[in-house]
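This report concerns only the one structure given below.
The values are calculated or read from the model by the stated rules, or taken from the named source; none is laboratory data. Everything numeric here is computed off the predicted structure, so don't read it as measured data. Positions of Cβ are backbone-derived with ideal geometry, glycine not excepted, and every protein chain shown enters the neighbour counts.
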Amino acid sequence: MVLGRVVGTVVATQKDAGLSGSKLQVVQALDPGDLRPRGGFVVAVDSVGAGEGEVVLYTSGSSARQTRATEAKPVDAVIVAIVDSVEIEGKTVYKKAK
């Protein structure tokens, strides 16, 4: 799994039937130590209802097809969690605003 931030959405009116009803989010990978962007972007199916700006956990590859929302679908990345906090070596590096 990778920490990322939802930075946008993708709208595709013409798509494989297996993706019908799926919300597609653009996610940028984050460095877990300071939550700075690291690396590129992925388009991920949102299985948890994440919103723009939220820190999330996503997975890719064959693991992306292991959720109820993505099982046996043409998916290479899926958001599996909305992050509440990140703690490394006793230091909180992220805490979701309420």
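This table checks each residue for (1) in contact (Cβ under 8 Å) with a residue 40 or more places away in the chain; (2) touching a Gly at 6+ places or on another chain (Cβ under 7 Å); (3) under 22 Å from residue 17 (Cα atoms); (4) in a loop (DSSP other than H, G, I, E, B).
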site: 32; (1), (2), (3), (4): yes, no, no, yes
site: 35; (1), (2), (3), (4): yes, no, no, yes
site: 38; (1), (2), (3), (4): no, no, no, no
site: 41; (1), (2), (3), (4): no, no, no, no
site: 51; (1), (2), (3), (4): yes, no, no, yes
site: 68; (1), (2), (3), (4): no, no, yes, yes
site: 73; (1), (2), (3), (4): yes, yes, yes, yes
site: 80; (1), (2), (3), (4): yes, no, yes, no
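Taken together, the residues in segment 1-22 that are surrounded by 13 or more Cβ atoms within 10 Å (Cβ to Cβ), in a loop (DSSP other than H, G, I, E, B) and touching a residue at least 24 places away in the same chain (Cβ under 8 Å) amount to 1. Of all the criteria given as (1) modelled with pLDDT of 90 or more; (2) more than 9 Å from the chain's Cα centre (by Cα), the one not satisfied by residue 56 is (2). Among residues of segment 53-66 being hydrophobic (A, V, I, L, M, F, W, C) and in a strand (DSSP E or B), the one that is surrounded by the most Cβ atoms within 10 Å (Cβ to Cβ) is 56. Within this structure, residue 61 passes the test of being out of contact with any Pro (no Cβ under 8 Å at 6 or more places or on another chain) and not charged (D, E, K, R).
Which one is surrounded by the most Cβ atoms within 10 Å (Cβ to Cβ), of the residues in segment 82-98 that are touching a Phe, Trp or Tyr at 6+ places or on another chain (Cβ under 8 Å) and outside any loop (DSSP other than H, G, I, E, B)?
We begin by selecting, within segment 82-98, every residue touching a Phe, Trp or Tyr at 6+ places or on another chain (Cβ under 8 Å); these are 83, 85-86.
Then drop every residue that is not outside any loop (DSSP other than H, G, I, E, B), which leaves 85-86.
Numbers: 85: 10, 86: 18.
It comes out as 86.
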